Amino acid sequence: MRRLLVAVVLLGVLGGCANTPPVVGELAPTLDDPKAEAAYMAVLDRYSDRQEIYDGFDTRLFAGATIQTPAFRDARVHRQALFQTLPAVKVEALLAEEQAEAAKFHEFFLGVHVNDFRYDDFSHKKSIWRIALVTPAGEVTPAEIRRIGRVDLNVQAYYPYTSLFWVGYRVRFPLTFTSGEPVIPEGTEQVTLRVASSLGNAELKVHAR
């Protein structure tokens, strides 16, 4: 049955009629506790968005992004603890590590699926893509873009909007402008991660707190 599902999906893709990225392989891992699973998905949904770039009926890009707020980091660590049955002392150490990272950057997980591998160059210095964090105070470009690599089941466990043909990136922005003003002013409810090139523009809007 699974082979048949994969074949059907691939036929749709090869036929040029796919308007969603191909879903091949196993489904993303989930927690055994339905309440814990639903709670994590609610947090993920609050801090994530998905957008697409099309050229007529052809898909150029599928993108999903999650801002790594302190609240999301906390939820992700507790999800990891449940998957891995971590001891309390390890959980506390991970939480401290994550909150220390949150104090250094505005960070996003960015997952992308491109139909043409040549356009998967987000971390290159001469990338065709311009990524920016847009807030009420203005916009800022990344301090760092690091390619995490091809998505696997472990990544899908935390970012289930991705799948086998996606690639993950870590995108970090400074906390302040060169003027010293905060990039995300206090009280900001929503910010936008803009991913733009000659192929099109995707604006992923997420809650900032």
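The values are calculated or read from the model by the stated rules, or taken from the named source; none is laboratory data. On a predicted model such as this, the values are computed, not experimentally measured, just so you know. Here the Cβ positions follow ideal geometry from the backbone for every residue, glycine too, while neighbour counts run over all protein chains shown. Remember, those area values only see protein heavy atoms, side chains included, never the ligands or the DNA or RNA. Shrake-Rupley method; radii C 1.70, N 1.55, O 1.52, S 1.80 Å.
Suppose every K and R has +1 on its Cβ and every D and E has -1 on its Cβ; what is the size of the dipole of the range 66-209 about the Cα centre, in Debye to the nearest 20?
On the way: 17 positive and 16 negative charges, 77 e Å.
That gives the range 66-209 a dipole magnitude of about 360 debye.
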Practice item. May I ask you to compute the full-extension gain from Arg147 to Arg50, defined as 0.36 nm times their residue separation minus their alpha-carbon distance, rounded to one decimal in nm? Key: 33.1 nm
Practice item. Return one whole number: the accessible area per residue of the chain in Å², for a 1.4 Å probe. Key: 55
Check your understanding: Counting only protein chains, not ligands or nucleic acids, how are His124, His106 ordered by accessible area (probe 1.4 Å), most first?
Key -> His124, His106
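How much of the calculated P(r) for the range 30-98 lies past 17 Å, in percent of all Cα pairs? Intermediate results must be reported in sequence, preceding the final value.
On the way: 1279 of 2346 pairs.
When all Cα pairs of the range 30-98 are counted, 55 percent exceed 17 Å.
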Exercise for review: Give the residue from Ala196, Ser48, Val89 lying farthest towards the positive end of the charge dipole for the chain; charges sit on Cβ (+1 for Lys and Arg, -1 for Asp and Glu) and the dipole is referred to the Cα centre.
Suggested key: Ala196
Check your understanding: So, in nm, how far is label Thr85 from label Lys205 when the simple model puts each one 7 Å beyond its Cα toward the Cβ?
Key -> 4.4
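May I ask you to rank Glu186, Glu92 by accessible area, largest first, using a 1.4 Å probe over the protein chains only?
My answer, sorted largest first, is Glu186, Glu92.
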Point to revise | Computed accessible area, Glu203, all protein chains, 1.4 angstrom probe, square angstrom | key: 60
Review point. Could you give the Stokes-Einstein D for the chain in µm² per second, using the C-alpha Kirkwood radius, 10 °C, 1.306 mPa s?
Key: 87
Practice item. Enter the accessible area of Lys205 (Å², nearest 10), with the probe set to 1.4 Å and all protein chains included. Key: 90
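Could you tally the net charge around Tyr47, taking each other residue with its Cβ under 13 Å from the Cβ of Tyr47, Lys/Arg +1 and Asp/Glu -1?
Numbers: positive: Arg46, Arg50, Arg73, Arg76, Lys205, Arg209; negative: Asp45, Asp49, Asp74, Glu107, Glu189.
In short, +1.
Using a 1.4 angstrom probe on heavy atoms only, work out the carbon and sulfur share of the accessible area of the range 101-209 in %.
Values: 2750 of 5360 Å².
Here carbon and sulfur together make up 51 percent of the probe-accessible area.
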Check your understanding: For the range 36-92, with only Lys/Arg (+1) and Asp/Glu (-1) charged at the beta-carbon, what is the dipole magnitude about the Cα centre, in debye rounded to 20?
Key -> 280
Practice item. Could you pull the accessible area for Glu181 with a 1.4 Å probe, rounded to 10 Å²? Key: 110
Review point. Quick one: net charge of Phe173's neighbours, Cβ under 15 Å, K/R +1, D/E -1?
Key: +1
Review point. If contacts are Cα pairs under 8 angstrom and at least 6 residues apart, what is the relative contact order of the chain in percent?
Key: 24
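Would you tally the net charge around Pro185, using a Cβ to Cβ cut-off of less than 14 Å, leaving Pro185 out, and scoring K and R as +1, D and E as -1? Before the final figure, lay out each step's value.
Values: positive: Arg209; negative: Glu139, Glu181, Glu186, Glu189.
Combined, the nearby Lys, Arg, Asp and Glu give -3.
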